[in-house]
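Before any comments, here is the structure.
The values are calculated or read from the model by the stated rules, or taken from the named source; none is laboratory data. Everything quoted here is computed from the prediction, not taken from an experiment. Positions of Cβ are backbone-derived with ideal geometry, glycine not excepted, and every protein chain shown enters the neighbour counts. With ligands, DNA and RNA removed, areas are computed over all heavy atoms of the protein, side chains included. Shrake-Rupley method; radii C 1.70, N 1.55, O 1.52, S 1.80 Å.
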Amino acid sequence: MSTTRPSWQQLNAYVDGELSASDAAAVARALADDKILAEVVATLSRLKATTQEGIEPFALAPKRPRTRPWRRAAIAASVAAVLIVAAVATLAPWMGPTEPPAWLAGAWQVHDTWAQTEMASPPASVDSGVVLATLHRFGPQTYLPDLSDARLTLSHLDIATMADMGGDALHIGYLGNRGCQVSLVLLPGGGGLSADLVRYDRGAGRGYAWRNGKRGYLLLAEGMDEARLALLAETLHRATLELRPFDPDTRTALRESRERSVPCLS
Amino acid sequence: MAMAAVYDPPRDPRQRIEPYLGRLFGYALSLTQDREQARDLVQDCALRAFSAARVPADAAAFRAWLFRILRNAFLDGQKRRAVRAAAAHDDVDGLSDEIWRGDDRLISVLTVRLGMAKLSPAHREVIALVDIGGFSYGDAGDFLGVPLGTVMSRLSRARCALLAVISESRVQSLPVAAKRASK
């Protein structure tokens with residue numbers, strides 16, 4: 001570096017320790033001879049230090065405690081409260097866990113395979129061409145709910161062949177940004193389901209199933225906040241009957257439910 | 001950037017990411033200017049990092065890898081072209097290489113934070129990478145895909161803009177414009 005006055009860029013590089021030893025020495029000499037330059041470097045140093053000082057501590061969302069009995073009891077109580085409110089609000093008939101249909105294990109297998117594949121590779125959004133091609137094959141009246149208010153993004157779409165189903169089903173995969181993976185399976189024959197919302201459990205997994213006309217619906221997730229999943233099931237149950245976009249109150253409820261929920265991240 | 005993507009022996013990924021969380025959040029905040037979105041981005045980044053099959057073993061490469069995951073997650077939700085156009089614009093803005101002088105007493109965590117919010121995305125990002133992320137100019141250049149000289153000029157302009165915002169009308173040019181010295 002020449003003996004001319006250091007440039008603004010060089011003063012910044014000096015503060016950042018990015019100059020070579022000889023260039024840094026030249027700047028140091030210039031600072032010794034120029035009080036204003038020294039003040040500028042002091043200002044830059046303070047600016048850098050203050051920016052670093054502003055780094056806030058950050059903690060990841062806690063792991064989901066799955067094995068503590070008291071936690072399960074608390075979750076069960078909150079789920080019960082949500083379900084009672086939802087039932088009163090919607091007058092929708094509710095049925096607890098019941099004997100699962102024969103094809104349910106196959107549906108869980110479809111969900112598990114997708115979930116493991118998604119975890120092994122970066123999530124990607126579904127290409128619109130894939131959506132159109134799939135819908136063309138499955139039928140024009142197919143309902144693909146937008147769950148973005150629940151911070152769940154449509155990330156997977158395919159035709160799945162399930163054992164004991166007697167036909168193809170449409171598998172829709174949604175990903176959250178805190179580790180949640182939710183499957184919605186559309187069963188063209190109705191799957192022998194009733195119009196009522198029915199829950200099927202599989203360990204930490206929860207399945208909700210219902211039917212509207214000739215089409216059956218199955219919502220699957222594992223390790224997801226139970227109150228949040230229950231609200232999603234209630235919402236989709238209602239939406240598939242009405243075939244309308246979510247109203248503002250529902251969208252708010254989905255957002256707030258997500259905010260309150262325990263992340264799936266573990 | 002050339003990253004040595006080697007298999008990392010099994011260990012708790014949380015422990016490895018934790019030292020970077022504050023810096024990642026600061027960087028996410030510089031990108032989004034929204035605390036809730038920034039939190040989600042860091043969570044998303046951690047989730048993707050946890051599920052990665054191959055993780056850089058070297059600390060510097062690991063940090064750059066984390067920041068890149070976060071940046072890609074952010075850009076996934078953005079219009080990449082718009083962001084890149086803004087970055088290109090920032091490199092040819094009208095700021096000169098004059099030395100600017102601010103009032104030290106106005107520099108605080110709060111004024112810096114508020115000032116950062118008023119900078120262009122490219123200026124916020126380069127300050128966040130170097131001052132918050134701890135990137136060297138070379139690493140920041142590799143990360144952003146620009147030459148080291150661009151990082152140097154962009155950063156100096158960004159700090160000049162930040163000082164100007166912080167000091168508002170109190171910033172004044174030194175009486176003698178600096179001459180560009182040859183290295």
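See the values below:
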{"item": "Selection count, the range A:169-186, where residues are more than 12 Å from residue A:110 (Cα to Cα) and free of Cβ contacts under 8 Å to residues at least 40 places away in the same chain", "result": "2"}
{"item": "Scope the range B:131-153; condition more than 18 Å from residue B:71 (Cα to Cα), open to solvent by less than 40 Å² (accessible area, probe 1.4 Å) and among the hydrophobic types (A, V, I, L, M, F, W, C); matching residues", "result": "B:152"}
{"item": "Among the candidates B:104, B:131, B:93, residue that is modelled with pLDDT under 95, touching a helix residue (DSSP H, G or I) at 6+ places or on another chain (Cβ under 6 Å) and not β-branched (Val, Ile, Thr)", "result": "B:104"}
{"item": "The lone exception for residue A:18 - which of (1) more than 7 Å from chain B (Cβ to nearest Cβ); (2) modelled with pLDDT of 90 or more; (3) not in a helix (DSSP H, G or I) it fails", "result": "(1)"}
{"item": "Count of the range A:2-15 residues which are open to solvent by 40 Å² or more (accessible area, probe 1.4 Å) and modelled with pLDDT of 95 or more", "result": "1"}
{"item": "Leading residue by the ranking (surrounded by the fewest Cβ atoms within 10 Å (Cβ to Cβ)) among those in the range B:25-53 that are facing chain A (nearest Cβ under 7 Å) and small (Gly, Ala, Ser)", "result": "B:53"}
{"item": "Which listed residue is within 19 Å of residue B:157 (Cα to Cα), at pLDDT 85 or above and surrounded by fewer than 19 Cβ atoms within 10 Å (Cβ to Cβ), from B:85, B:117", "result": "B:117"}
{"item": "Any pair with Cβ under 8 angstrom, 6 or more apart, that starts in the range A:236-258 at a residue that is on the phi > 0 side of the Ramachandran plot and ends at one that is in a loop (DSSP other than H, G, I, E, B)", "result": "A:243/A:143"}
{"item": "Which listed residue is modelled with pLDDT under 70, within 13 Å of chain B (Cβ to nearest Cβ) and either open to solvent by less than 50 Å² (accessible area, probe 1.4 Å) or closer than 30 Å to residue B:16 by Cα (or both), from A:48, A:63", "result": "A:63"}
{"item": "Selection count where residues are open to solvent by less than 10 Å² (accessible area, probe 1.4 Å) and small (Gly, Ala, Ser), scope the range A:192-205", "result": "1"}
{"item": "Condition met for residue A:222 (open to solvent by 60 Å² or more (accessible area, probe 1.4 Å) and modelled with pLDDT of 90 or more)", "result": "yes"}
{"item": "Residues of the range A:163-191 classified as open to solvent by 10 Å² or more (accessible area, probe 1.4 Å) and outside any strand (DSSP E or B), total", "result": "11"}
